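**Q** Okay, here's the structure, questions in a sec.
The values are calculated or read from the model by the stated rules, or taken from the named source; none is laboratory data. Everything quoted here is computed from the prediction, not taken from an experiment. So basically every Cβ, Gly included, is an ideal-geometry build from the backbone, and we count neighbours across all protein chains shown. In case anyone asks, the SASA skips ligands and DNA or RNA and just uses the protein heavy atoms, side chains included. Shrake-Rupley method; radii C 1.70, N 1.55, O 1.52, S 1.80 Å.
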Amino acid sequence: MPNASGDVRPGRAPAGILQRENWGEWLDRHSRTFFIAPAVVLILIFAIFPTFYSIVFALSRVRFTGEGLKFRLVWFQNFAKQFFGNDQVHFLGKIGAMSWLGMLFLAAVIAAVAWWLYRSSRTTGWFGMIGRIISAAMAIFVAWIAGATLFSGNPIGTLLTTLFYVFVGCALQFVIGTGLAFLCSQPISGKNFFRVIFFIPLMITPLGVGYAMKMVADITKGPFQPLFGAATVDAWVWSADPWAARIVMMICDSWQWIPFIFITMLAALENVPRDHVEAAQVDGASGIEIFKEIVWPQIVPVAVTVLLIRMIEAFKIVDLPNIMTGGGPGSSTESMTLHSMYIWRANDVGTSAAVAYLLLLLTVVTCASFFNYVVLGQLRRARA
């Protein structure tokens, strides 16, 4: 306000300037929200909203009509079919009387899980124990399915087939990829050439990999036919044997994804300080001791993280079994993703969504357990 002489009192500003300053300050305070809002809106439209909308499909019987989609709420019947209905054999496998080997396997898993929960209860709070109980329940359920099917001589379903691709396939890829990365990190001649060669499969589209591997695995007409003929197995059809087909599928998937493990682990290995390794060599340490005591502790955070990423991708395998075997023989090579896709093709959208949510639950529990108990555990040890 102006005083008697017409001057403006110090420390005060005209109302218009004060309002403009307040508006500018408010805009500055909320600038992060305005910048991130478009991305959040796009995520809500294209990711989160369809995810929640698909719950309606999973809980309904969907029928196609001339006027559009007709929904009839059936609640959890689509899920129950996978466990108790006609689709049980497709999803869980043929559950019969459990053999002594299956009972022994189930008992060993229950004992190991109970001991793990007992040890965790002494150092973990109630919130952490809830997560551990969920992980333990999932482990016991999968062990029961494996004991009643795999270890009892009965056919397995898409659940265990998917877990076979994830755990066995990812373990094979990690060992081979890390081994190749370790070799290429050594001072050998021509290592840059091998780096490029090992990376090529990752640049090929999954569709191309599927058709190429289908040709390579052809025993009667493929490029390895003379070798199969010399070994007198040219009359054997691997695609007619369930486990042979699964193993071929895992090998083909490994050929495509080993370069991902290789290039990531190579970057981690090359970041290991050379002076540590050279000091150990001067002290007379062997190559195994150097890798175990110096190299591995420094690359283990990268190793467990890249393995987690690969596991998440392995749960979504669909290209190779669809192209190479069509999920056969029967449904032996059919993953849960391919299972959901085939049901969707049959216009049973509700059941397809239910299988997709079962896969989501399995993926979340498995990967969250691996992240909390392996990845974070290794990171804590590395910091210590």
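**Q** Hey, which of the helices (runs of 4 or more DSSP H) in region 202-279, taking only ones fully inside, have at least 2 residues that are within 25 Å of GLN186 (Cβ to Cβ)?
**A** Result: 242-270.
**Q** On the basis of being assigned to a helix (DSSP H, G or I), of a type in the set (Ser, Thr, Tyr) and out of contact with any Lys or Arg (no Cβ under 9 Å at 6 or more places or on another chain), does SER340 make the cut?
**A** In short, yes.
**Q** Could you name every one of the helices (runs of 4 or more DSSP H) located completely within region 71-155 that has at least 1 residues being surrounded by fewer than 16 Cβ atoms within 10 Å (Cβ to Cβ) and modelled with pLDDT of 90 or more?
**A** 77-84, 100-121, 126-148
**Q** Still on this structure: I want to confirm something. Restricting to region 34-89 and keeping residues that are among the basic types (Lys, Arg) and touching a strand residue (DSSP E or B) at 6+ places or on another chain (Cβ under 7 Å), which single residue is nearest to ARG345 (Cα to Cα)?
**A** ARG63
**Q** Let me ask something additional. Taking PHE167, is it open to solvent by 70 Å² or more (accessible area, probe 1.4 Å), aromatic (Phe, Trp, Tyr) and either modelled with pLDDT of 95 or more or within 17 Å of VAL365 (Cα to Cα) (or both)?
**A** When the stated conditions are applied, PHE167 passes them.
**Q** Any residue at all in region 171-187 that's within 20 Å of the chain's Cα centre (by Cα) and of a type in the set (Ser, Thr, Tyr)?
**A** yes
**Q** Only one residue in VAL306, VAL302 is more than 15 Å from the chain's Cα centre (by Cα), open to solvent by less than 70 Å² (accessible area, probe 1.4 Å) and either at pLDDT 85 or above or within 21 Å of GLN378 (Cβ to Cβ) (or both). Which one?
**A** Answer to the check: VAL302.
**Q** Going by what's in this entry, would MET336 be described as over 21 Å from GLY93 (Cα atoms) and crowded, with 20+ Cβ neighbours inside 10 Å?
**A** No; evaluated as a whole, the condition is false for this residue.
**Q** It is to be established whether one or more residues within region 84-91 are over 24 Å from VAL318 (Cα atoms) and out of contact with any Cys (no Cβ under 7 Å at 6 or more places or on another chain).
**A** Looking for residues that are over 24 Å from VAL318 (Cα atoms) and out of contact with any Cys (no Cβ under 7 Å at 6 or more places or on another chain), one finds at least one in region 84-91, hence yes.
**Q** For LEU183, all conditions in the list (1) open to solvent by 40 Å² or more (accessible area, probe 1.4 Å); (2) under 30 Å from GLY327 (Cβ atoms); (3) without any contact (Cβ under 8 Å) to a residue 24 or more places away in the chain hold save one; what is the number of the exception?
**A** Condition not satisfied by LEU183: (2).
**Q** Does GLY85 satisfy the criteria of being without any contact (Cβ under 8 Å) to a residue 60 or more places away in the chain, under 29 Å from the mean Cα position of the chain (by Cα) and under 25 Å from GLY330 (Cα atoms)?
**A** Answer is yes for this residue.
**Q** Same structure, new question: Which pairs have Cβ atoms under 9 Å, sit 6 or more apart or on different chains, and link a residue in region 356-377 that is free of Cβ contacts under 8 Å to residues at least 40 places away in the same chain to one that is basic (Lys, Arg) and part of a helix (DSSP H, G or I)?
**A** Partner pairs satisfying both residue conditions: none exist.
**Q** Hey, among the residues in region 27-63 that are closer than 28 Å to ALA80 by Cβ and β-branched (Val, Ile, Thr), which one's surrounded by the most Cβ atoms within 10 Å (Cβ to Cβ)?
**A** VAL62
**Q** Would you check if PHE46 is of a type outside the set (Ser, Thr, Tyr) and part of a helix (DSSP H, G or I)?
**A** Yes.
**Q** While we're here: Can you work out which of the residues in region 272-289 that are under 21 Å from ILE176 (Cβ atoms) and either charged (D, E, K, R) or loosely packed, with under 14 Cβ neighbours inside 10 Å (or both) is farthest from the chain's Cα centre (by Cα)?
**A** GLY287
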